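Down below is the structure, laid out as structure tokens.
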Amino acid sequence: MRALLLIWSLAPLLWQLYTSFQPPEALVAPAGAAAAQWTLENYRQILAGDPPFWRYLLNSTVVGAATTVLTLLMAVPCAYGLQRQRGALRLGVTLALLAAALFPIVLLFLALLELARALGLANNLLALSLPYTALSLPLAVLVLRAAFAEMPQELEDAACLEGLNLPQRLRFVLLPLMTPAIASTAILVFLLSWNEYPIALTWISRSELLTLPIAMARISGSSLYSIPYGAYAAATVLGSVPLLLLVLVFQRSIVAGLTQGAVKG
Amino acid sequence: MSGINALLMLPALLLLAATFLLPMVRYAWMSGHASSVVTGLMAIPNGGANWQRLLQDARFWQDAFQTLRFAITSVGLELVLGLSIALLLHQPRRGRGLLRAITLLPWALPTTVMALGWRWILNDPHGPINALIIRLGGDSYGFLITPSTTWLFTVLADVWKTTPFVALLLLAGLQSIPTDMVEALTLEGASRWQILRRLTLPLLMPFITLALLFRLAQALGVFDLIQILTRGGPAGSTESLAFYAYLNAMRFLDFGYSATVMLATFALLVLLSLGWILLQRVGSRRTA
């Protein structure tokens, strides 16, 4: 069973890896005709493109980093406030956050595109992090709220007695104890931003500003039948490697974040 | 004291309102107007003509059917597979962390990336599956060009990508079940199947509901996958509501009608979610 699960998860990825090292002729050769030849040509091709492929990775990283920072800056106070709040407002905000977390992003694109045009935010990577922050906030607040709930009240009372104000209590007492939850949140937000498609598709049109998902879609836009699959597979591999590393290294944080938000949200 | 809490929540809530609420209000307004190339992109009130058109739009209803078919099939499969994987990952074994990380990989990759990957895997006749069929002496199959079956392969790609998410949520649920309850039942002589049905599944229900609602909402809004894998084809057989709304806005430049389709999709989503919650209520009352 375990082996089956491994094959199911990995086989499509390994096939991309294999394809990325094959010359184009080998990919369309009749089955069994050509012996495997290995080449780096596909990688050379996409890295020499205009703009070169690493540019998309850089763009996605910039948006992801900006989104993560902005989300944490807004989610931490919100989660703290929500945890301290009692009564109808607490319930209302929690339900609204859950509803927003479930909402399919794609249904927002048209109105957000109008907004971007009206405010001159199109074709701006940092501006893109605004809607991304909004999309990330529901999950981020729910995860961080759960973490605040685990902080003993006595701790904060003691800090109050020592005369620390709210920003100081957060900065020096509470947040240092919440590092795991903050790390989980940051990774989930980064993943969401790295993978988002419909909004980036409609906000960004200049080719040197494309994020990874839309750059991939552009490659596919050429034609349904004549896709440079070798080059494409190389792009898939390069686009996946940062995420593979992220998931392998931070697997525990990702799982903790997802489940904390779910269990206690 | 309560005022401070509200103030702390305010920035986040304002941004959320601007991103989620404002579009819905805007769509409600747009759906009451004609706003397309015909009107020179000017919004002119048209007295509900968009909604009348929606009722008679065969393409909308076909897409609604196809979207439901896609969502119900993939979410159903994801729940069954996700539960099996969660049970598998729950067993204490060495290397569990690594297995969990690898299981998670498909979920972490951008949909567009793997949608193109699947297009290559399902390619006719050069993809690996068809290569294998040919080598075994069969005829290659047009996975993505056969109107009657192509939707099944959009389901396959979706199940591959999102089952890990469902599995993880359910795994969290399994871990919240006290082990001494399982041990007690085992001592009483309950079989593994009985434990699963009488203890595990009922306790897991909140998690199943959460996973189901989340996945249902995402599947009813399926867009990236369809746009990259099939472009709604062949012959419109995989076109989803979200993709139709997108085409109306970006290809046909009919913004009033696009907003109407989006609102209708949203309404469908709300109805289905409420339906499930209601069904659950009735079900739990009966067992209680």
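The table that follows gives values for the structure above.
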item	result
Neighbours by Cβ (under 7 Å, 6+ apart or cross-chain): first from region B:128-140, more than 8 Å from chain A (Cβ to nearest Cβ); second outside any loop (DSSP other than H, G, I, E, B)	B:Ile129/B:Ile121; B:Ser140/B:Asn130; B:Ser140/B:Ile133; B:Ser140/B:Ile134
Qualifying position, being surrounded by fewer than 21 Cβ atoms within 10 Å (Cβ to Cβ) and not in a helix (DSSP H, G or I), among B:Arg94, B:Arg100	B:Arg94
Enumerated helices (runs of 4 or more DSSP H) restricted to region A:108-212, each holding at least 2 residues that are within 14 Å of chain B (Cβ to nearest Cβ) and crowded, with 20+ Cβ neighbours inside 10 Å	A:109-119, A:125-149, A:179-195, A:198-203
B:Thr186, sole failed condition from (1) of a type in the set (S, T, N, Q); (2) in contact with a Phe, Trp or Tyr (Cβ under 9 Å, 6 or more places away or on another chain); (3) farther than 22 Å from A:Ser9 by Cβ	(2)
Qualifying residue in region B:42-54 (condition: within 13 Å of chain A (Cβ to nearest Cβ), over 30 Å from A:Arg84 (Cα atoms) and touching a Phe, Trp or Tyr at 6+ places or on another chain (Cβ under 9 Å))	yes
Number of positions in region B:231-264 that are of a type in the set (Gly, Ala, Ser) and part of a helix (DSSP H, G or I)	7
Residue within region B:55-62 that is assigned to a helix (DSSP H, G or I), crowded, with 16+ Cβ neighbours inside 10 Å and touching a residue at least 60 places away in the same chain (Cβ under 8 Å) present	yes
Close pairs from region A:120-149: first under 20 Å from A:Val63 (Cβ atoms), partner buried (at least 20 other Cβ atoms within 10 Å of the Cβ) and of a type in the set (D, E, K, R), Cβ under 8 Å, at least 6 apart	A:Tyr132/A:Glu196; A:Leu135/A:Glu196
Those residues of region B:195-230 which are under 22 Å from B:Phe143 (Cβ atoms) and assigned to a loop (DSSP other than H, G, I, E, B), in sequence order	B:Val222, B:Phe223, B:Thr230
Any chance B:Leu241 is modelled with pLDDT of 90 or more, at negative phi and among the hydrophobic types (A, V, I, L, M, F, W, C)	yes
Residues within region B:85-127 that are among the acidic types (Asp, Glu) and either within 7 Å of chain A (Cβ to nearest Cβ) or closer than 13 Å to B:Leu229 by Cα (or both), tallied	0
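The values are calculated or read from the model by the stated rules, or taken from the named source; none is laboratory data. On a predicted model such as this, the values are computed, not experimentally measured, just so you know. When we count neighbours, we look across all protein chains shown, and the Cβ atoms used for this are built from the backbone with ideal geometry, even at glycine.
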